[in-house]
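J.: Please find one structure pasted underneath; my questions will follow.
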Amino acid sequence: MNKISKKSMLEAADWLVKQQERTLTDTEQEQLEKWLQSDRNNQFAWQRAQRFISQIDTLPKDIAYTVLNRPDDENRRLHIGKLALILASGPLVWGSYKTIETQQWTADYRTAKGQQKQITLPDGTTVKLNTATAFDISFNGKSRLLSLREGEIQVHTATTSSQELKPLIVQTQEAVLSPTETNFTVRQYNEMTRVGIIKGPLKVTPKFANNAQGAFFDTGHQIELSSHAFLSDNALKSETTSWLDNMLAVHNMPLKQFIEEVSRYHRGRLRVSPDIANIDVSGAFPLQDINIIFNMLSHTYPININSHLGNYWVTLEAT
């Protein structure tokens, strides 16, 4: 691997940020070409920068996202320095993040960002996977276990009277769920599980609760829990199950939180300007095409949509 000078790395990072801000002018394009031709170090640095673009999903969001979406930030030079460090590290750093990503996606069943699919388990139970979801199964003579690693699923247990089948158990990082001919959704949050019961009954138990008896819930309940306790029990909201109809339904959700939800389905980077982050958003938005969501927002709220690199980076700003 060619050793590239720090100076070339910093300059390549600066050019990359300029290129992301807007289309380069003819003069700037000529300057870039002259810079490339002036030193082979520059050429190697620029090749590394192009690989950075192609592998951006494997890099830490707090660095890559910040650098390329806030070029006018007062700490711009510091961010460019961080980006140059990543470029200099090359495949070693990129590979380590890629390894982590691969470990997350070695599950028995999984979906990529923006993908949904339905599968049928060996016992006839159907499971619908939402975007960026992964789970494992362990079906044998001793148990029927479904373990949700990340994401969101709908489980519709099979109707069966067979005495040979062991009880089905669905578990998350926080919960142990015991369904009996139940139709329900489960979403794994950070340190929290949300369960929506479309048709009950369902026994729900915090994984590490002192009282391991759990509690029974029926149709129409929406439960949130940590690994040690129940956090809430409310009526099932249509927003919780709207993804089953390929829709994202929200009611008075702050724009920043709404865009975090949209980002679950978008293979790219989304950013909301702080001065519009708290605009309340309501409505039902189709998930098949993220561009439709952006168009609906810009026509309904005082928001401008600025996109770069083929909609990979999208920034929402005030009009």
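J.: Rank Asn311, Val281, Asn252 by how far each Cα sits towards the positive end of the charge dipole of the stretch 246-318 (+1 on Lys, Arg Cβ; -1 on Asp, Glu Cβ) and give me just the farthest.
T.: Asn311
J.: Taking the Cα centre as origin and putting +1 on Lys and Arg beta-carbons and -1 on Asp and Glu beta-carbons, what dipole magnitude results for the stretch 246-318, to the nearest 20 debye?
T.: Charge dipole of the stretch 246-318: 220 debye, to the nearest 20.
J.: Label points 7 Å out from Cα along the Cβ direction at His251 and Phe216: separation in nm?
T.: 2.9
J.: Which of Gln154, Ser238, Ala209 sits closest to the plus end of the dipole of the stretch 109-241, meaning its Cα is farthest towards the positive end, when Lys and Arg get +1 and Asp and Glu get -1 on the C-beta?
T.: Gln154
J.: Using a basic spin-label model with each label point 7 Å from the Cα along Cα→Cβ, how many nm lie between Lys166 and Ala229?
T.: About 3.3 nm, to one decimal.
J.: Now a separate question. Which of the pairs Lys117/Lys166; Lys203/Lys256; Lys113/Lys142; Lys6/Lys113; Lys113/Lys237 have their Cα atoms more than 28 Å apart in this structure?
T.: Listed pairs above 28 Å: Lys203/Lys256; Lys113/Lys142; Lys6/Lys113.
J.: When the label point is put 7 Å from the Cα of Glu28 along its Cα-to-beta-carbon vector, which residues of the stretch 283-319 have a backbone N closer than 14 Å?
T.: 308-309
J.: Would you kindly state how much longer the chain becomes between Arg51 and Leu36 on full extension, computed as 0.36 nm times their sequence separation minus their alpha carbon distance, in nm to one decimal?
T.: 3.8 nm
J.: Would you mind checking the radius of gyration and Dmax of the stretch 109-241 based on alpha-carbon positions, in Å?
T.: 13.8, 39
J.: While we're here: Normalized C-alpha radius of gyration of the stretch 163-281, against 2.2 N^0.38 Å?
T.: Scaled against compact globular proteins, the figure is 1.22.
Throughout, read-outs are computed from the coordinates displayed, never taken from laboratory work. In this text the structure is predicted, and so the values were computed from the model without any measurement. Ideal geometry is used to build each Cβ from the backbone, glycine not excepted, and the neighbour counts take in all protein chains shown.
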